[in-house]
């Protein structure tokens, strides 16, 4: 059994525990990821900032989707989402883009 098989097996064995931990402590996990990213960014002199940010977002997305819902990371609970007057593409309930919206104004 290779190393990746062991890692995959350990993850599958503990997926429910990991999911529960993310659900209960998402805010603390997010803070830890941000602090780790800032530490690495500082140590590398900002040279890899974009890659660090991308890695943080992918990790948050992966952890957040363990339970099938994307509700563990992001805005603070109860925080209002900023709105704009410009129309945007909207997703329908099945996740596809609503193509019946008028085109966004140019310029």
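Every number in this text was worked out from the coordinates using simple rules, so none of it is lab data. Predicted model, so just to flag it, every value in this text is computed and none were measured. Positions of Cβ are backbone-derived with ideal geometry, glycine not excepted, and every protein chain shown enters the neighbour counts.
What is the order of 7, 18, fewest Cβ neighbours within 10 Å to most?
Sorted ascending by nearby Cβ count, the order is 7, 18.
Using the 10 angstrom Cβ neighbour count as an exposure proxy, how do 12, 30, 38 rank, fewest first?
Result, fewest neighbours first: 12, 38, 30.
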Mind giving me the FRET efficiency for residue 35 and residue 66? R0 is 25 Å, r the Cβ-Cβ distance, nearest 0.05 is fine.
0.70
What is the extension gain from residue 57 to residue 10, computed as 0.36 nm multiplied by their sequence separation minus the C-alpha to C-alpha distance, in nm to one decimal?
14.6 nm
How do 27, 41, 72 line up, fewest other C-beta atoms within 10 Å first?
27, 41, 72
